[in-house]
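Notes to accompany the following structure.
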Amino acid sequence: APFADHWSPGAGPFWHRYENPREGKLEVRHKMVLPPEVQAVIDIMNGEQFVSSLRLLTGIPDLFEDKGLGGGGMHMIEPGGRLHVHIDFNKTGHDTFRRLNCLLFLNECWEESWRGDLQFWDNAGLRKRIYPTFNRLAAFNTSDSSWHGHPEPLICPQGRFRKSIATYYYSHQPPPDWRSWEHGTVWWNERH
């Protein structure tokens, strides 16, 4: 596995642990401590050619990358971990709106029975599942209606983890469903 040494929870003090009833995950978002291989992937995902392709794909003409990796970087979920359904924070700064998430999954030989699927919800509930198989890239809009997460605890074997690299993108234009309401992460079970 290309990044195996760096994906162990004990591989360094740079892993930040989120452990509460809504989320159980590990994250490394400081570029200076990321392994060189991960830095190279993030450089591609934040490079002009990739971002230009995202502009064409999304129709967001002023889309730009988050060089600071706010919330992005390496993500890992251990057995029993999860991320409840939520919408992401929607604004940073005076005129910077969060618009797009890209998740690159790095899970070789992942079995669907282990869960960990990225789920998309609307007001009626679950609408779509994307399993986190190796080299799959999930790109999706970030808005006040882009409910997503993986709420079911992982049941993968000990020593296996749900691994991904996350990059986020912004625009100076708000998303179409902007309601002039600036917020942090909003959790489904607190709103519904």
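When GLY149 is tested against (1) in contact with a Gly (Cβ under 8 Å, 6 or more places away or on another chain); (2) assigned to a strand (DSSP E or B); (3) on the phi > 0 side of the Ramachandran plot, exactly one condition is not met: (1).
Pick out the one residue from ASP122, ASP95, ASP144 that is farther than 22 Å from LEU26 by Cβ, among the acidic types (Asp, Glu), open to solvent by less than 40 Å² (accessible area, probe 1.4 Å) and modelled with pLDDT under 95. After applying the criteria, what remains is ASP144.
Of the residues that sit in region 81-92 and are of a type in the set (Val, Ile, Thr) and either touching an Asp or Glu at 6+ places or on another chain (Cβ under 8 Å) or modelled with pLDDT under 90 (or both), which one is most open to solvent (accessible area, probe 1.4 Å)? The extreme case among them is THR92. Consider ARG29 carefully, then state whether it is over 21 Å from SER143 (Cα atoms) and open to solvent by 40 Å² or more (accessible area, probe 1.4 Å). Here the answer is yes, as ARG29 does meet what is asked. Looking at region 50-80 only, could you name the residues that are hydrophobic (A, V, I, L, M, F, W, C) and open to solvent by less than 60 Å² (accessible area, probe 1.4 Å)? Scanning region 50-80 gives PHE50, VAL51, LEU54, ILE60, LEU63, PHE64, LEU69, MET74, MET76, ILE77.
Filtered by the rule that a residue be outside any loop (DSSP other than H, G, I, E, B) and among the acidic types (Asp, Glu), region 119-146 gives a lone residue, ASP122. Against the numbered list (1) over 16 Å from the mean Cα position of the chain (by Cα); (2) farther than 18 Å from ARG17 by Cβ; (3) not polar (S, T, N, Q), PRO79 comes up short only at (2). Pairing residues of region 45-62 that are farther than 20 Å from SER164 by Cβ with residues that are loosely packed, with under 12 Cβ neighbours inside 10 Å, at Cβ distances under 9 Å and at least 6 apart in sequence or on separate chains, gives ARG55/PRO61; ARG55/ASP62.
Please work out if GLN39 is open to solvent by less than 70 Å² (accessible area, probe 1.4 Å) and part of a helix (DSSP H, G or I). For GLN39, the condition - open to solvent by less than 70 Å² (accessible area, probe 1.4 Å) and part of a helix (DSSP H, G or I) - is met. When residues in region 158-192 are screened for being open to solvent by 60 Å² or more (accessible area, probe 1.4 Å), touching a residue at least 12 places away in the same chain (Cβ under 8 Å) and of a type outside the set (A, V, I, L, M, F, W, C), 10 of them pass.
Filtering region 152-162 for residues that are among the aliphatic types (A, V, I, L, M) and within 15 Å of the chain's Cα centre (by Cα) leaves an empty set.
The values are calculated or read from the model by the stated rules, or taken from the named source; none is laboratory data. Every value quoted in this text rests on a predicted model; they were computed, and no experiment measured them. Positions of Cβ are backbone-derived with ideal geometry, glycine not excepted, and every protein chain shown enters the neighbour counts. Keep in mind that these areas ignore ligands, DNA and RNA; they rest on the heavy atoms of the full protein, side chains included. Shrake-Rupley method; radii C 1.70, N 1.55, O 1.52, S 1.80 Å.
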